[in-house]
1. Whether any residue in the range A:113-135 is out of contact with any helix residue (DSSP H, G or I) (no Cβ under 8 Å at 6 or more places or on another chain) and under 15 Å from A:THR13 (Cβ atoms) is what I want to check.
2. State all residues of the range A:101-135 that are of a type in the set (D, E, K, R) and either within 17 Å of the chain's Cα centre (by Cα) or within 24 Å of A:LEU32 (Cβ to Cβ) (or both); if no residue qualifies, say none.
3. With the requirement that a residue be within 11 Å of chain A (Cβ to nearest Cβ), surrounded by fewer than 20 Cβ atoms within 10 Å (Cβ to Cβ) and among the hydrophobic types (A, V, I, L, M, F, W, C), what does the range B:102-116 give you?
4. Condition first: within 17 Å of B:MET74 (Cα to Cα) and either of a type in the set (A, V, I, L, M) or within 14 Å of chain A (Cβ to nearest Cβ) (or both). Now tell me which residues in the range B:1-22 satisfy that.
5. Going by what's in this entry, would B:LYS93 be described as in contact with a Ser or Thr (Cβ under 6 Å, 6 or more places away or on another chain), farther than 26 Å from B:VAL11 by Cβ and more than 14 Å from chain A (Cβ to nearest Cβ)?
6. Return the residues of the range B:76-90 that are buried (at least 20 other Cβ atoms within 10 Å of the Cβ) and more than 10 Å from chain A (Cβ to nearest Cβ); say none if nothing qualifies.
7. For residues in the range A:116-134 being closer than 18 Å to A:SER49 by Cα and modelled with pLDDT of 90 or more, which is surrounded by the most Cβ atoms within 10 Å (Cβ to Cβ)?
8. Filter the range A:88-121 for residues that are more than 9 Å from every other protein chain (Cβ to nearest Cβ) and of a type in the set (Lys, Arg) and give the result.
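The values are calculated or read from the model by the stated rules, or taken from the named source; none is laboratory data. It should be emphasised that the depicted structure is a prediction, and the values quoted were computed from it without experimental measurement. Using ideal geometry, Cβ is built from the backbone for each residue, glycine included, and neighbour counts are taken over all protein chains shown.
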Amino acid sequence: MQVDYINPFIESTCELFTTMLSSEAQRGTISLASPEANPREVMALIGLSGMARGIVAISFPVNTALGMVNRLLGSDTKVVDDVVSDAIAEFVNIIAGSAKARLSGNDRPPIDLSLPTVVRGSNYTVDYPSGSTWIEVPFTSDLGPFTLRVTFEMKPGA
Amino acid sequence: MKALVVDDSAVMRKVLIGALSRAKITDVDQATDGVEAVSATEATDYDLVLMDWNMPNMLGIDAVRTIRANGKSMPIIMVTTEAEKSRVIDALKAGAQNYVIKPFEPAAIVSKIQAVLAKANG
């Protein structure tokens, strides 16, 4: 994965926080994701296909996920329920959708998105497909920390 | 004034219903995919439809085409993460009146709803 490809995903994440959550997400140091890294308690994943292939995964501690959803809805939810999962899925959908538009621009056919998937719990591991390179970006915000992971390749000729 | 909100995300439907409320539209039905949207528009005459693009069973763009093929002419605003210019053009060709790209600021979508309704009723 070219490191440059991560920038649209970072920009999209920051835009989501600014426009819909009245917050500011600040990124930390970009690194290769370690297979041994412990995922946070709530993780949303979405696939990219068509002129590119990749996966966007964004993972949150419970308190960050709750803070984001409560900020968006003006609610006071205290447990990760279906509403929180739904919101987290929508967040990764928005981030991936916004980033893919930045990546394809107006010159390439649009990249397609899969429907998002959410994993909840504290006792799971994520096994990355062999050969894939994942870039990891930690973020901080007033709603709490979270982590963005992306693997992405444009198809040859795209 | 009656509106239909179509999105597979319950949270996004709630956000959009809030935006409609700020635009003084409180009589709102919900659909979770394109198939439900088409059925709802066959059963009820809506003054406005807010339509997501990526949904299970039937994409929003296909639902727009079907609704128009069924002779329905209410304003439809696409509210979607699909931000590429070609997608916007496809939606407008299919019969959508306007296009809102997620993420959006709540005030922005309220003003877009008001503008589309003013044009439709003007």
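1. The answer is no; no qualifying residue exists.
2. Residues satisfying the conditions are A:ARG102, A:ASP112, A:ARG120, A:ASP127.
3. B:PHE104, B:ALA107, B:ALA108
4. So the first thing to find is which residues in the range B:1-22 are within 17 Å of B:MET74 (Cα to Cα), and the list is B:1-6, B:20.
Correct list: B:MET1, B:ALA3, B:LEU4, B:VAL5, B:VAL6, B:LEU20.
5. no
6. B:ILE76, B:ILE77, B:MET78, B:VAL79, listed by residue number.
7. Checking each candidate, the answer is A:PRO116.
8. Within the range A:88-121, just A:ARG120 meets the criteria.
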